[in-house]
Amino acid sequence: MASLLDRYKPAILSLPQSGEWTKRDLLTNAFRLASEDRLAMYYAPHNEWINFDARVVIIGITPGWTQMKIAVRTAQAGLMAGLPEEEILRCAKREARFAGSMRRHLISMLDCLGLPKRLNIRSSRDLFGEHTQLLHTTSLLKYPVFVGERNYTGANPEIGASPLLSGQALSSMKELGQFPDAILIPLGKAVERVLIQMAEQGHIEQTRILWGFPHPSGANGHRQRQFEENEKRMRSMIHRFFR
């Protein structure tokens with residue numbers, strides 16, 4: 001799919017080059033892709049870059065405010081430096097994917113499941129650094145979605161109840177067909193529900209999907225309990241997949 005970076009280049013370059021951006025800077029008509037009732041979808045560049053060599057694909061619900069801000073800031077720096085478009089998108093992906101506490105929680109859980117051993121790396125932290133070629137991250141909703149100014153969490157409305165969200169999710173998930181040899185890790189139940197539908201329809205092999213992985217957001221207060229309930233089964237699945 002063609003990148004939208006060129007379309008949003010003027011808006012990105014018009015942003016302040018210093019200081020902290022607020023939602024008044026980015027959640028504007030200049031960056032809005034689409035809206036529906038209280039939902040609004042905005043542009044961010046990082047999910048437009050795809051790592052086709054990945055062995056692990058992690059699928060979130062949608063980029064949040066933190067990821068959007070980092071991705072756009074990275075793109076602005078790349079545009080001002082005159083970098084090629086693909087390099088800008090790659091850098092935005094590297095910097096923004098699951099940034100903040102989500103990345104720390106994600107690394108901790110993947111390490112507990114023994115993923116580094118199966119990939120012959122020291123820690124899942126290396127997926128975001130030295131061994132980034134093994135990882136691809138994406139989202140059901142490729143571009144950031146907000147309810148008012150709050151991050152969309154997969155509920156109220158559910159994806160299937162919204163023409164805007166369901167259409168975007170189906171379009172984005174075609175991307176998963178480009179990773180026939182990668183394990184798929186859906187983050188949270190909202191993402192899982194969509195992948196279950198895809199598996200039932202024959203679009204994805206169920207044996208490739210790591211069921212039961214909790215969303216790593218700090219806002220998910222049930223994260224640890226959900227992980228412990230499913231840890232043994234997920235560990236076994238990872239072992240079988242990489243055997």
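The values are calculated or read from the model by the stated rules, or taken from the named source; none is laboratory data. Computed from a predicted structure; not experimentally measured. Cβ sites come from the backbone with ideal geometry, for glycine too, and all protein chains shown count toward neighbours.
Taken over segment 30-48, residues that are of a type in the set (S, T, N, Q) and either outside any strand (DSSP E or B) or out of contact with any strand residue (DSSP E or B) (no Cβ under 8 Å at 6 or more places or on another chain) (or both) amount to 1.
The sole residue among Leu39, Leu26 that is buried (at least 16 other Cβ atoms within 10 Å of the Cβ) and farther than 22 Å from Arg97 by Cβ is Leu39. Examine segment 4-22 for a residue that is exposed (fewer than 12 other Cβ atoms within 10 Å of the Cβ), among the β-branched types (Val, Ile, Thr), out of contact with any His (no Cβ under 9 Å at 6 or more places or on another chain) and modelled with pLDDT of 95 or more, and state whether such a residue exists. Within segment 4-22 (the criterion being exposed (fewer than 12 other Cβ atoms within 10 Å of the Cβ), among the β-branched types (Val, Ile, Thr), out of contact with any His (no Cβ under 9 Å at 6 or more places or on another chain) and modelled with pLDDT of 95 or more), the answer is yes, since at least one residue qualifies. Taken over segment 152-161, the criterion of being of a type in the set (S, T, N, Q) and either on the phi > 0 side of the Ramachandran plot or modelled with pLDDT of 95 or more (or both) is satisfied by Asn156 alone.
So that you can scan it fast, the table gives a plain yes or no per residue for (1) of a type in the set (Lys, Arg); (2) outside any loop (DSSP other than H, G, I, E, B); (3) over 30 Å from Ile121 (Cβ atoms):
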{"residue": "Lys9", "(1), (2), (3)": "yes, yes, yes"}
{"residue": "Gly19", "(1), (2), (3)": "no, no, yes"}
{"residue": "Thr28", "(1), (2), (3)": "no, no, yes"}
{"residue": "Ile50", "(1), (2), (3)": "no, no, no"}
{"residue": "Ala75", "(1), (2), (3)": "no, yes, no"}
{"residue": "Arg90", "(1), (2), (3)": "yes, yes, no"}
{"residue": "Phe98", "(1), (2), (3)": "no, no, no"}
{"residue": "Ser108", "(1), (2), (3)": "no, yes, no"}
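The single residue among Gln67, Gln133 that is out of contact with any Pro (no Cβ under 6 Å at 6 or more places or on another chain), part of a helix (DSSP H, G or I) and buried (at least 23 other Cβ atoms within 10 Å of the Cβ) turns out to be Gln67. Here the condition is being part of a loop (DSSP other than H, G, I, E, B), out of contact with any Pro (no Cβ under 9 Å at 6 or more places or on another chain) and of a type in the set (S, T, N, Q); of Thr153, Thr207, it holds for Thr153 alone. Remark: Leu176 falls outside the filter, which requires a residue to be in contact (Cβ under 8 Å) with a residue 60 or more places away in the chain, under 22 Å from Arg7 (Cα atoms) and either assigned to a helix (DSSP H, G or I) or not aromatic (Phe, Trp, Tyr) (or both).
Only one of the listed residues (Ile204, Ile185, Ile196) is modelled with pLDDT under 90 and either touching a Phe, Trp or Tyr at 6+ places or on another chain (Cβ under 9 Å) or hydroxyl-bearing (Ser, Thr, Tyr) (or both). That residue is Ile196. Just one of Arg97, Arg73 is touching a strand residue (DSSP E or B) at 6+ places or on another chain (Cβ under 6 Å), crowded, with 17+ Cβ neighbours inside 10 Å and touching a residue at least 40 places away in the same chain (Cβ under 8 Å); which is it? One residue alone meets the criteria, Arg97. One residue is enough: does segment 154-172 have a residue meeting the conditions touching a helix residue (DSSP H, G or I) at 6+ places or on another chain (Cβ under 6 Å), of a type outside the set (A, V, I, L, M, F, W, C) and farther than 20 Å from Arg97 by Cα? Scanning segment 154-172, I find at least one residue that is touching a helix residue (DSSP H, G or I) at 6+ places or on another chain (Cβ under 6 Å), of a type outside the set (A, V, I, L, M, F, W, C) and farther than 20 Å from Arg97 by Cα, so the answer is yes.
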